[in-house]
Amino acid sequence: MKLGVLVNLNAQSDIVAKIQEVHDMGFASCQITCWDMGCYTDENAERIKAALAKYDVTLSTFWAGWSGKAFWNFYEGQYTLGLVPEAYRFQRIQDLKAGSDFAKKLGVNQIATHAGYIPEDPTTERYHGVLYALREVAAYCKQNGQYFLFETGQETPITLLRMIQDIGLDNLGINLDPANLICYGKANPVDALDTLGKYVRDVHAKDSFYPTDGYKLGKEMPLGKGKVNFPALIPKLKECGYDGVLTIEREISGDEQIRDILAGKAFLETLI
């Protein structure tokens, strides 16, 4: 395994400087995440590829966002996140296809996203609407020579496994975010690998507490300070055949984010 870090592509920041920062912090890999479809330009693709080559950083996955309202909680999140809400579904399918096209320009062979709160009941019209939408996006990624990765968190592991099986394509995988499984109260990530392990193609190294409020997600924490059992998770990932990147994600900004990323890097280096 090797370590990476998540960086954001947006109109306000210098992506070349961010990739240089990845190198300067001692990482050999990154994920790029983008929520601004206006950034999907040929110019940005060339700048990113040149910076990756210059600073000897590999891009493991392109994390594609989508447009429209998004509330990261247990109530409004049900009808604003991912491809689940019908009001946003058509546009978000187009957004994810655009993300796949941009990833192809970057030369990366997998994209990831949050699908939303996938319904638990597979007999409902809502479940099948989400299924058809995800199949359309995954089929588009397949045409672009890519895997389509579900980031874990908003659904139970068995619901995600069922959706993967029902879509039925061979280019589906998982971006495992162990902290999300905890902060959404959906699973212990070590145990979740019994259900999802063979599909893991990228991993977010992130930590959190379980939720203690029925309305709010559990609190994100620096690596090693939350409830993710990394000393057990990393060997379990290896047992599942995963030997890819652990991409550190710390959802704060500024100097504290950099300190936590570097401390997390040192923590993970003792385990891998």
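Here, each number is a calculation from the coordinates, and none is a lab measurement. Model, not experiment: these values are computed from the prediction. Positions of Cβ are backbone-derived with ideal geometry, glycine not excepted, and every protein chain shown enters the neighbour counts.
One residue alone among Leu233, Leu271, Leu262, Leu223 is in contact (Cβ under 8 Å) with a residue 60 or more places away in the chain and aliphatic (A, V, I, L, M), and that residue is Leu262.
Can we say Asp42 is more than 16 Å from the chain's Cα centre (by Cα) and within 25 Å of Ala266 (Cα to Cα)? Answer is no for this residue.
Residues of the range 118-134 that are under 18 Å from the mean Cα position of the chain (by Cα) and closer than 17 Å to Asp95 by Cα: Leu134 alone. Among the candidates Val137, Val57, the residue that is touching a strand residue (DSSP E or B) at 6+ places or on another chain (Cβ under 8 Å), within 18 Å of Leu9 (Cα to Cα) and not hydroxyl-bearing (Ser, Thr, Tyr) is uniquely Val57. The strands (runs of 3 or more DSSP E) located wholly in the range 118-232 include none with 2 or more residues which are surrounded by fewer than 16 Cβ atoms within 10 Å (Cβ to Cβ). The residues in the range 60-107 that are under 22 Å from Glu249 (Cα atoms), crowded, with 17+ Cβ neighbours inside 10 Å and not hydrophobic (A, V, I, L, M, F, W, C) can be counted, and the count is 7.
Ala11 fulfils the conditions (1) assigned to a loop (DSSP other than H, G, I, E, B); (2) within 30 Å of Leu181 (Cα to Cα) except for a single criterion, (2).
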